[in-house]
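Quick notes on the structure that follows.
The values are calculated or read from the model by the stated rules, or taken from the named source; none is laboratory data. Just so you know, these numbers come straight off a predicted model, no measurement behind them. A quick note on method: Cβ atoms are made from the backbone with ideal geometry, for glycine too, and the neighbour counts reach across all protein chains shown. Heads up: the accessible areas ignore ligands, DNA and RNA and are worked out on the full protein's heavy atoms, side chains in. Shrake-Rupley method; radii C 1.70, N 1.55, O 1.52, S 1.80 Å.
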Amino acid sequence: MGVTCVSQMPVAEGKSVQQTVELLTRKLEMLGAEKQGTFCVDCETYHTAASTLGSQGWSAMVRSQLTATSTSQVQVILLPQPSQVAGIIGQTGKLMYVMHNSEYPLSCFALFENGPCLIADTNFDVLMVKLKGFFQSAKASKIETRGTRYQYCDFLVKVGTVTMGPSARGISVEVEYGPCVVASDCWSLLLEFLQSFLGSHTPGAPAVFGNRHDAVYGPADTMVQYMELFNKIRKQQQVPVAGIR
Amino acid sequence: MADVINVSVNLEAFSQAISAIQALRSSVSRVFDCLKDGMRNKETLEGREKAFIAHFQDNLHSVNRDLNELERLSNLVGKPSENHPLHNSGLLSLDPVQDKTPLYSQLLQAYKWSNKLQYHAGLASGLLNQQSLKRSANQMGVSAKRRPKAQPTTLVLPPQYVDDVISRIDRMFPEMSIHLSRPNGTSAMLLVTLGKVLKVIVVMRSLFIDRTIVKGYNENVYTEDGKFFLCVKRSFDVLVFALRTDVSVLKQLVICKLDIWSKSNYQVFQKVTDHATTALLHYQLPQMPDVVVRSFMTWLRSYIKLFQAPCQRCGKFLQDGLPPTWRDFRTLEAFHDTCRQ
């Protein structure tokens, strides 16, 4: 896993999402990139359900559900300390995102907004079904991005259309530089590459780069970036239908 | 068949020799006829014997005469050697069944190929001799008598000395760590880890660097067998953390085999491997190999900023998707591979 930068490409004036994606891919192919299959990243949102049980009872219930299939990390994340439970019950449910990335087909990522990110195997989805009582899926919350992968030298570029339900809401661009594992080292290099095909739409340094100075970059950081991107797109106003001609 | 090109074959002598062969054949058959007929009927036994012997002798003399005549003529005919420059192997071309045993065409191809090989080898040796790449102290071409006695050879050094040199170099730079192992006999194998940028496997031959492979920090440097041990090592890491023991001790307990053959998955590190091979040929000092190893490691250390340094010539980071991978041997400045000239 190399350093990855995920950003959003604004839709070009007077063009539809599809046409902008085509423009981008044509630019990439002119640069010399080769198509290498497709990719898909999706995200589902869950609310932690406010429960009438006391904090002790809550954690005991969850623990009993988890004894069948659990890893130590799952217990750490999903069993909040009693103090936290009190806080949660007081608030409206905290949001948990469960994401999948086709680059890691056997893994499932679960993360809170500013909290830890858990990397589990795909049976985690089954676990979420069992925990229906405590984590309720938000209605119509599934958001995903699909598109093609391009390989240029050591760079892996993924251009995808972000869709929520049937409507296309935006364009995501992900660039991964395989050889480097420390984010702060290669940001200038990545920036130069991004400029070569995004031109003026080149993003600034992602927030995760600043947080981890010399730590080794991991797939969890990529998923955090995707989560931020999806949240941003969700908050954006829907693209007016009149604009798409 | 009038062969105009072939002057050496004497056609006259040729036809005369053919008739001489026929004469010889007939005289030989006359000998055997005489023997078959036996003695003619004469009055006395002696007369019959004498006549038979005289007849027999005449025939043998005529055979002798014809044989001498044939020998003389065959010397005049001459050797048609220019027709068949391949001598006996050229006669393979007369084989009418070329499809089943294409010996002659294969022979010709083998000959052309070996000619080309010889030509290319000659060119290559001419080019290579221009730059002497001798890294050992032994001189070629000096006879055993003239070679000074007791010349210290740096090719055979005690392994302890090599270990000492390497551990001293290990302590030289804080961001570079060198781990030495000897899985295959006496030649040392070093695993050099440079910060979080790259890993280098260096195969040594006493204190001379033989070859290097450069791989990324997150790539696997062990063989398939070693992977199992790596998993064991990871679970040990958790145990170690709990027990607060020294991780390096456990590392040595686990036997991991270094993979010294497979290339890196990334083009940038394949390029750096090529440059490292150039560097190990460039730094040469046969009498003081530890200085050579030190200079090589100093050069290698300049790669700590592989992804951060722009090219000194063009100022950019990327050229054809590669960062500046060349480090000058004297000044250690970063250049793109195409910018260094």
Return one whole number: the accessible area per residue of the range A:116-156 in Å², for a 1.4 Å probe. 49
To the nearest 100 Å², how much accessible surface do chains A and B cover up together, summed over both, with a 1.4 Å probe? 1600
Note, A:Leu95: beta-carbon cut-off 12 Å, +1 each Lys/Arg, -1 each Asp/Glu, net 0
Step through the residues of the range B:46-56 one at a time and calculate ³J(HN,Hα) from phi using the Karplus curve (6.51 cos²θ - 1.76 cosθ + 1.60, θ = phi - 60°), rounding each to whole Hz and writing x for Gly and Pro. 4, x, 5, 4, 4, 4, 5, 4, 4, 5, 4
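First select every other residue whose beta carbon is under 15 angstrom from the beta carbon of B:Gln267; then total the charges, Lys and Arg +1, Asp and Glu -1.
-4
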From the cross-link list B:Lys196/B:Lys271; A:Lys27/A:Lys158; B:Lys199/B:Lys263, which pairs have alpha carbons spaced over 22 Å apart? none
How many percent of the accessible area of the range B:262-341 is carbon or sulfur, using a 1.4 Å probe? 48
Those aspartates and glutamates that a straight Cα-Cα span of less than 16 Å connects to A:Lys232, excepting residues fewer than 8 apart in one chain: A:Asp42, A:Glu44, A:Glu113, A:Glu144, A:Glu174
When the dipole is taken about the Cα centre of the range A:103-245, and only Lys, Arg (+1) and Asp, Glu (-1) are charged at their Cβ, what size is it in debye, to the nearest 20? 900
